[in-house]
C-alpha cells in the first residue's frame, strides 16, 4: 500500500517534488519526537527542582538550629570566663 503510494507520487509529480514531500514528512515527525522528549525532560526537571527546594528548606532549618546552639554555647563560654 505505502509502496504503491510512493511509486504513484514519483510517477505523477517527479522525483524532486517527491523528495521534498518526503523530507517535509521526515522533518514533521522528527520535530514531534523532539518536542515530546523536551516535554518529558522538562517534567523531570520540574520534579527535581521541587525536591531540591524541599531539601534547601530542610538545610535552612538545620542551619538555624546550629546557629542557635552556637549562640547558647558562646553565652555559656562567656559566662564561665567572667567567673574566672
Quiz item: Quick check: anything in region 56-65 in a helix (DSSP H, G or I) and in contact with a helix residue (DSSP H, G or I) (Cβ under 6 Å, 6 or more places away or on another chain)?
Solution: no
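What about residue 38, is it in contact with a helix residue (DSSP H, G or I) (Cβ under 6 Å, 6 or more places away or on another chain), assigned to a helix (DSSP H, G or I) and surrounded by 10 or more Cβ atoms within 10 Å (Cβ to Cβ)?
When the stated conditions are applied, residue 38 does not pass them.
The numbers here are math on the coordinates, done by the rules we state, and not lab data. Note that the coordinates shown come from a computational prediction; the quantities given were computed from them, not determined experimentally. All Cβ positions, even for glycine, are placed from backbone atoms using ideal geometry, and neighbour counts span all protein chains on display.
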